[in-house]
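The structure appears right after this line, and notes come after that.
The values are calculated or read from the model by the stated rules, or taken from the named source; none is laboratory data. These numbers come from a predicted model, not from an experiment. As a convention, Cβ positions derive from the backbone with ideal geometry for all residues, glycine included, and neighbour counts pool all protein chains shown.
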């Protein structure tokens with residue numbers, strides 16, 4: 001049975017975000033709701049287990065004090081898989097913005113504040129799931145569940161370019177194979193942005209007459225390697 005996580009309605013989310021002080025972390029909220037069907041409501045101890053593990057990961061990265069950019073990236077990579085281990089939810093549940101409002105503003109406001117501050121509302125209010133503190137990390141962990149080493153080798157800029165293109169980012173297997181090819185072709189990351197931009201454009205054109213779902217892993221890996229090699233030559237790497 002699917003887990004159903006608490007949801008914080010948008011009006012209450014805006015009210016909490018508007019408060020002068022960052023809300024204290026809680027395991028539940030009086031205004032929370034759940035999806036009416038489709039799974040089993042999780043108990044507070046499940047929320048607590050997720051919070052505890054994320055706080056420990058954040059502490060390794062400097063929480064609650066200051067942290068370096070490298071520490072914050074390391075936290076994001078670890079937190080992505082913490083989220084997917086604890087939140088066994090289908091994509092339909094993950095698309096519910098209220099789930100992420102609950103995490104950012106009720107369960108994890110202290111860690112959300114440490115990671116991004118209050119300057120960008122989208123990190124708290126899930127108006128754009130690709131920019132929300134916790135929704136984006138759950139998505140990273142889901143896409144790269146079979147290849148954590150690949151996720152750890154990608155920068156935030158790399159991930160943005162790969163995942164914002166839904167024809168590619170919506171297919172976990174394709175994203176992993178394309179990422180592996182890019183990492184192999186660009187080594188320490190020099191010119192990687194240009195290679196990703198060019199290779200994803202080539203792949204989108206190829207998708208007009210190629211179905212990745214009909215390809216084996218070896219066929220897809222070979223196609224990705226070929227397109228990335230062409231892109232590397234085109235951008236002069």
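Applying the criterion of at least 1 residues that are in contact (Cβ under 8 Å) with a residue 60 or more places away in the chain and under 18 Å from residue 26 (Cβ atoms) to the helices (runs of 4 or more DSSP H) found wholly in the stretch 74-120 leaves 97-102, 109-116.
Just so you know, in the stretch 190-214 the residues that are part of a loop (DSSP other than H, G, I, E, B) and under 18 Å from residue 157 (Cα atoms) include one that is modelled with the highest pLDDT, and it is 191.
It is to be established whether one or more residues within the stretch 30-44 are part of a helix (DSSP H, G or I), over 19 Å from the mean Cα position of the chain (by Cα) and farther than 19 Å from residue 117 by Cα. Don't jump to the end; show me each part of the working.
As a first pass, look at the stretch 30-44 and keep what is part of a helix (DSSP H, G or I): 44.
Those still in the list that are over 19 Å from the mean Cα position of the chain (by Cα) too: 44.
Within this subset, residues satisfying the condition of being farther than 19 Å from residue 117 by Cα are 44.
The answer is yes, given that some residue of the stretch 30-44 is part of a helix (DSSP H, G or I), over 19 Å from the mean Cα position of the chain (by Cα) and farther than 19 Å from residue 117 by Cα.
Assess whether residue 99 counts as being touching a strand residue (DSSP E or B) at 6+ places or on another chain (Cβ under 6 Å), closer than 28 Å to residue 36 by Cβ and modelled with pLDDT of 95 or more. For residue 99, the condition - touching a strand residue (DSSP E or B) at 6+ places or on another chain (Cβ under 6 Å), closer than 28 Å to residue 36 by Cβ and modelled with pLDDT of 95 or more - is met. Here residue 137 does not qualify as buried (at least 21 other Cβ atoms within 10 Å of the Cβ) and farther than 22 Å from residue 55 by Cα. In the set 54, 16, 50, 26, only one residue is assigned by TED's automatic domain parsing to the domain that holds residue 86, at pLDDT 95 or above and assigned to a loop (DSSP other than H, G, I, E, B); that residue is 26.
Can you tell me which residue in the stretch 57-73 is farthest from residue 154 (Cα to Cα), limited to those that are more than 19 Å from the chain's Cα centre (by Cα) and part of a helix (DSSP H, G or I)? Quick ask: steps written out before the conclusion?
Applying the first criterion (more than 19 Å from the chain's Cα centre (by Cα)) to the stretch 57-73 yields 59-60, 62-68.
After this cut, where a residue has to be part of a helix (DSSP H, G or I) as well, the list is 59-60.
Numbers: 59: 22, 60: 20 Å.
Among those residues, the one meeting the criterion is 59.
Residues that are touching a residue at least 40 places away in the same chain (Cβ under 8 Å) and within 13 Å of residue 174 (Cβ to Cβ) were ranked within the stretch 192-222; the one that is surrounded by the most Cβ atoms within 10 Å (Cβ to Cβ) is 220.
Identify, from the list 139, 100, the residue that is under 27 Å from residue 207 (Cα atoms), within 15 Å of the chain's Cα centre (by Cα) and in the same structural domain as residue 47 (by TED's automatic domain parsing). Give the steps one after another, and end with the answer.
Values: 100 fails: under 27 Å from residue 207 (Cα atoms).
Criteria check complete, one pass: 139.
Restricting the stretch 10-38 to residues that are in contact with a strand residue (DSSP E or B) (Cβ under 7 Å, 6 or more places away or on another chain) and touching a residue at least 60 places away in the same chain (Cβ under 8 Å) leaves a set whose member that is surrounded by the fewest Cβ atoms within 10 Å (Cβ to Cβ) is 33.
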